[in-house]
Amino acid sequence: MRLDLLRGALDLTVPVTMGIVNVTPDSFSDGGRYPDPDAAVAEGLQMAREGAAILDVGGESTRPGAGPVCADEEIRRVVPVVRGLVQAGSLPVSVDTSKPEVIEAAMEAGAVIINDVRALRAEGALEAAAGCGAAVCLMHMQGEPGTMQQAPRYRDVVEEVYAFLADRIERSLAAGISEFSIVVDPGFGFGKTLAHNLILARNLERFLDLGRPLLVGVSRKSMIGAILDRAVDERLWGGLALAVMAVERGASILRVHDVGPTVDVIRMAAAVAGLDKDADKDGSNG
Ligand code: 7PM
């Protein structure tokens, strides 16, 4: 599988990691009002050295209960970090946003992928992404971040998420986005109970029928906390287990905080799954 970008393409024959670069208040250097773009850029470059294939910059907290951020504030947070990462070099940069103004500013600054937890449902977002030639990640979410975890309900979570993503693909194509520039994501934790998340993980292969690369974001999420009774900073191993299972079920992009460990896990899982042809041909002992 391949993902076409505005400049170049990303080979997804072997799954890759997308490193999470947060520029939200919880990641500010003073723990308060001012984001530190240099620190965020340094974090991103470290992830690049650890083997990330994409860096995902986010300025709007989608934390359950988080308040909204205006477009100007989001642009002030995100654009300096995108510029810094793009100037430093090699990796495609994606930006986590739903707002047309931010999509345009981010693409202008050199981003090539728009990762939207609202799947471009905001007024003008589809047109903005199509107009700038962005590749897009379309994610499923039930409700809005502030209230989505209050009472998630589905008749059939897999089929409802599938139908939603199929519809968002169709609308993206109609807006002029190339099919080869679309990624889909079932949106773990976004308006889902633990049971819903487990059913989605178990049935991840169903989403391959959409014909597009699958992105999975489970890194440090509450589904790991709920099963293992672990705090956020103790969820690495649970996340790595889920990474193995996601690769076995056909995921192409893993959105993670811990790039280095995830790269090792992907390489092992991909070698066994037969995705890494070089590993199969290797004549060395081992
Ligand atoms: C608080 C709660 C802070 C949740 C951050 C989050 C995804 C994403 C996020 C995902 C895609 C996190 C989430 N999650 N984009 N953005 N897929 N495509 O845990 O699963 O990172 S934010």
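Here, each number is a calculation from the coordinates, and none is a lab measurement. On a predicted model such as this, the values are computed, not experimentally measured, just so you know. Methodologically, a virtual Cβ is constructed for each residue, glycine included, from the backbone with ideal geometry; neighbour enumeration extends over all protein chains shown.
Things worth noting here:
- GNM top mover of Asp209, Asp96, Asp11 - the chain, alpha-carbon springs below 10 Å: Asp209
- Between Val157, Val184, Val102, the residue with the greatest mean-square fluctuation in the GNM of the chain (Cα pairs under 10 Å linked by springs) is Val157.
- Per-pair calculated FRET efficiency, R0 = 35 Å: Glu127 and Leu228 via Cβ, rounded to 0.05: 0.25
- Where both bridge residues fall in region 2-277, DSSP classifies roughly 10% of the beta bridges as antiparallel.
- Length gained on full extension, Arg7 to Met268, computed as 0.36 nm times the residue gap minus the Cα-Cα distance: 91.0 nm.
- Extension gain for Gln87 to Asn285 (0.36 nm times residue separation, less C-alpha to C-alpha distance): 67.1 nm.
- Each label was represented as a point 7 Å from its Cα along the Cα-to-Cβ direction; for Lys277 and Trp237 these points are 3.7 nm apart.
- Basic side chains Lys and Arg get +1 at the Cβ, acidic Asp and Glu get -1 at the Cβ, and with that the dipole of the chain about its Cα centre reaches some 420 debye.
- Helical runs (DSSP H, four residues minimum) scored at -39500 (n - 2.57) apiece and divided by the length of the chain put the mean residue ellipticity at 222 nm at -12500 deg cm²/dmol.
- Taking Ala166, Ala109, Ala122 as the candidate residues, the one with maximal mean-square fluctuation in a Gaussian network model of the chain, Cα springs under 10 Å, is Ala122.
- Summing Cβ point charges (Lys, Arg +1; Asp, Glu -1) relative to the Cα centre of region 230-283 gives a dipole of roughly 200 debye.
- Over the chain - Rg/Rh using Cα atoms and the Kirkwood inverse-distance radius: 0.94
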